[in-house]
Amino acid sequence: MEKTHQETYPLYIPLYYILYLKYRKVKRQSATRKMERLARKIGPVGFVPEGEGQWTVEVEGEIPNPTEHINRSALWMDEDLALSEIQEIIAGIEATKKKLDAKDLRYTSTAASFIPRMYTEYSEKKNSWENAWCFRHADIQKGQNILDIGGASTAFNFFLADKGCSVTSIDNDWGNCGIVYNMNYVGQKMGWECRAIDRDAGQPLPFPDNHFERIFSICVIEHLTSPDRQNLMRELGRVLKPGGIAAFSTDYDNDREVLVFDKGLRFGYREKFFHDVVDPSGLRLHGNTTLVDAYPLKNFLGAFFLRKD
Ligand SMILES: C[S@@+](CC[C@H](N)C(=O)[O-])C[C@H]1O[C@@H](n2cnc3c(N)ncnc32)[C@H](O)[C@@H]1O
């Protein structure tokens, strides 16, 4: 599809801001190239050794669906998506999209941009699963104060705001597409309690302790370096209220090499998952503690939930 100005940036984003985004893109790309060169020379930064144990199960053929597991891989995505309660949530998100379309307001595709670059049926299906699964098991109620990490302008966040929650997203707009600006603009136009802050997720969060009842982070933590991920998890543990739930989805993989800015999360081993995510947060796994993976299949997606006692 031919790219037009309108597809790249919503028309209501002012020119000065677009110029700023373009400038930032050039700066970020050159910094990334430098860091990658360095990482090739000195090795990956913040890499967690694999350790002795594994939680991957080496399997061939079918793996039985542990239906009671809320912390689970998306291996059973089709079965989950067929559940009526999941269908209902997806229909709710679609209804929010229609409200935005009617006012010519934008939300992102799975590429975290306004252009349909990665807008494939499969990536949208995966995104529907992770949104609906995380929502379903996070016990969302109207009026809750919700923190999102890395989801500025997603239809999912607008759906939460449309449901009467107060949503704050921390996102550094890595693609420089205007998703932070857009979320704030849409919030104002729709009269929703939602806002986005342009900020790196590895930095301290600008919120007091015990501030949020729920946290979501959909397909983000795998994009952070290991030290940034640990900082973020520490901060999430701090800002989540006691009794609160944090819901995550992430891609994970077993054995690819890690460079600083090629940050796929290597979660193939239980040690890494606890070292990078659960332990720094000080939270505990909500739901099943038996995690099922299915090595040697690749490109997994999974959801997990943490809780503050
Ligand atoms: C794969 S997209 C997922 C977007 C969205 N949560 C969804 O479900 O479609 C990753 C998101 O994380 C954001 N992101 C990546 N690295 C980040 C960082 N270091 N700090 C804050 N946000 C970051 C990107 O801007 C993007 O919005």
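Read-outs: derived from the displayed coordinates by stated rules, not from any lab. Please read these numbers as outputs of a predicted model, since none were measured by experiment. Every residue, glycine among them, receives a Cβ derived from its backbone with ideal geometry; neighbour counts consider all protein chains shown.
Structure notes:
- Couplings 3J(HN,Hα) of segment 21-35, computed from phi: 5, 5, 5, 5, 4, 4, 4, 5, 5, 6, 5, 4, 4, 4, 5 Hz, in residue order, whole Hz [Karplus 6.51 cos²θ - 1.76 cosθ + 1.60, θ = phi - 60°; x for Gly and Pro].
- Computed from the Cα positions only, the extents of segment 112-192 along the three principal axes stand at 34, 27, 20 Å, in decreasing order.
- In this Cβ point-charge picture (+1 for Lys and Arg, -1 for Asp and Glu), segment 90-196 has a dipole of about 220 debye about its Cα centre.
- Rounded to 0.05, the FRET efficiency of the K241 and D104 pair, given R0 = 30 Å and the Cβ-Cβ distance, is 0.25.
- For the pair segment 67-89 and segment 162-195, the centres of their Cα atoms are 27 angstrom apart.
- Sequence of M77, M183, M233, M35 once ranked by neighbouring C-beta atoms within 10 Å, starting from the fewest: M35, M77, M233, M183
- Relative counts (whole %) of C-alpha pair distances in segment 66-225, using bins that are 5 Å wide: 2, 9, 18, 22, 22, 16, 8, 3, 0
- Mean Cβ count within 10 Å, highest first, over the residues of peptides 129-141, 234-246, 187-199: 129-141, 234-246, 187-199
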